[in-house]
Amino acid sequence: MESFRIGHTIKDLRRFYKISQQELAEGICTQAMISRIETDDLYPSAPLLYQIAEKLGVDINYFFNISETPRLDYAQEVCEQIRALVRKTKYREALEMIDLEKQNPLFRKGQFYQFLVWQEAICNFYHTRDELRCFTLLDEALSLKATAKNHLSEDEIEILTSKANIYCELEQYEKAIAIYKEGLTLLKMIPYIRSTKLEVRILYNMSRAYHLNNQYARSIETATKGISICLREESMYLLGELYYQKGESLFYQQNVDQALVCMDYSLWIFERMKNEGFYQYVKKEREEISKAM
């Protein structure tokens, strides 16, 4: 593969994740070396390329796949559009887009193809309730992984936790919890994590699964871990939801006072974030808890 392709791809990914050259170089090489690689003056050795890949949260094969996917911006834009449709529960439109892009040579292999299969699985479940098709596609997406047998990338752990989310929807909480635990274990094996969002998301979903499975103490413990990470990282991501989930489980343990405290934290966060939908939902739940006093 031509060296400019590697340098260009590294630069694209670094900018995409808003990582400076100095941050990327830390612990593996000098900032000057990263600069030379990105400007085509230096071809990285295999060990160095491996370390750069880890820092950027991709498998080393990504750099070789990308040589066949020169239109990186286009592929990333398609992925974002599909994600947006799924977030808005426009599953039929997402499936149409996935079917179209599967014919596109840019998406016929590598991580982008894996992404399409993953999103197709989610859409199949929520749009057609085809459980068998959903799990078959999720297993296919996981089989496409480029990492070592006992390791998964962050994206692949997200695919795994999607499987847990589906089990939760099907009220198979023990299966869901087991997969969430596996996801957290695998996440700890990744040398460089892009952000704590995935860990927080798994903890929130696992706390919810524990609650639905009537394991309230475990739900509280798990939500507390997620809250601690958010506070440590000064992040509001899922913090309101975590406080709500903790409060709900505290209420089911007859700890009404502490439940109300958590609900108040949740309301404060959703108000600051101008999330009117969640704010009104939690407000209504808090009123119901207050009546129990």
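Rule-based calculations on the coordinates, nothing more; no lab input. From a predicted model like this one, the values you see are computed outputs, not experimental measurements. Cβ atoms come from the backbone with ideal geometry, glycine included; neighbour counts cover every protein chain shown.
Assorted remarks:
- The range 70-144: C-alpha gyration tensor shape, a/c 1.5 cut-off, then a/b vs b/c: oblate
- Net charge of neighbours whose Cβ lies under 15 Å from the Cβ of GLN22, counting Lys and Arg as +1 and Asp and Glu as -1: +3
- Residues considered: ALA141, ALA75, ALA209. Largest GNM mean-square fluctuation over the chain, using C-alpha springs under 10 Å, is found at ALA75.
- Dividing the mean sequence gap of close Cα pairs (under 8 Å, 6+ apart) by how many residues the chain holds gives a relative contact order of 10 percent.
- When each of MET293, MET273 is scored by the number of other beta-carbon atoms lying within 10 Å, the sequence from fewest to most is MET293, MET273.
- Shape of the range 44-190, Cα gyration tensor, a/c cut at 1.5: oblate
- Across the range 152-293, the mean sequence separation of Cα contacts (distance under 8 Å, 6 or more residues apart), normalised by length, yields a relative contact order of 16 percent.
- Cα gyration tensor, the chain - rounded (a/c under 1.5), prolate or oblate: prolate
- Cβ-defined net charge surrounding VAL256, 14 Å radius [Lys, Arg +1; Asp, Glu -1]: -3
- Between helix 256-272 and the chain: long-axis angle, C-alpha atoms, 0 to 90°, nearest 10: 50
- Angle between the chain longest axis and helix 197-212 axis [Cα atoms, degrees, rounded to 10]: 30
- Counting only Cβ charges, +1 for Lys and Arg and -1 for Asp and Glu, the dipole size of the chain around its Cα centre is about 220 debye.
- Sorted by Cβ neighbour density within 10 Å, fewest at the top, the residues ILE289, ILE193: ILE193, ILE289
- In terms of surrounding Cβ atoms within a 10 Å radius of their Cβ, SER219, SER45, SER162, SER35 rank from fewest to most as SER45, SER35, SER162, SER219.
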